[in-house]
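Following: one structure in structure tokens, then a few remarks.
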Amino acid sequence: MMAAEQPSDGYVHSQDYQCIELAPSVQLLLYQSAWVDELGNKSHFAKRSSIWVLVGNQWQLQYHQGTASDGFS
């Protein structure tokens with residue numbers, strides 16, 4: 001299926017980042033995202049959250065969720 005897909009000139013826009021410390025080595029990242037097509041139209045709006053854990057000296061993604069949402073500007 002992926003071999004049949006056409007390349008896209010669109011991109012993912014993200015905004016309104018919030019980082020909340022759950023523990024010294026655990027962070028909750030919240031933000032909004034939308035798909036922007038080649039004409040500048042936004043769609044597929046989502047509220048996103050991910051949990052990051054500091055392992056050694058590198059942050060690793062442990063969990064991610066995207067929930068469909070109403071549009072935003």
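Miscellaneous remarks
- Residues satisfying the stated conditions in segment 45-54, i.e. of a type outside the set (D, E, K, R) and free of Cβ contacts under 8 Å to residues at least 24 places away in the same chain: A46, S49, S50
- Of all residues in segment 40-48, at least one satisfies being closer than 29 Å to S73 by Cβ, in a loop (DSSP other than H, G, I, E, B) and not polar (S, T, N, Q).
- Scan of segment 1-19 for residues that are assigned to a strand (DSSP E or B) and either more than 16 Å from L30 (Cα to Cα) or among the aliphatic types (A, V, I, L, M) (or both), ordered by number: Y11, V12
- Evaluation of Q60 against (1) surrounded by 13 or more Cβ atoms within 10 Å (Cβ to Cβ); (2) part of a strand (DSSP E or B) (one fails), failing number: (1)
- The listed residues are L39, L28, and the only one of them that is of a type in the set (A, V, I, L, M) and surrounded by 10 or more Cβ atoms within 10 Å (Cβ to Cβ) turns out to be L28.
- Number of residues in segment 20-34 that are more than 25 Å from A68 (Cβ to Cβ) and either outside any strand (DSSP E or B) or hydrophobic (A, V, I, L, M, F, W, C) (or both): the value is 4.
Coordinate-derived values only; no laboratory data. No experiment lies behind these values; they were computed from the predicted model shown. When we count neighbours, we look across all protein chains shown, and the Cβ atoms used for this are built from the backbone with ideal geometry, even at glycine.
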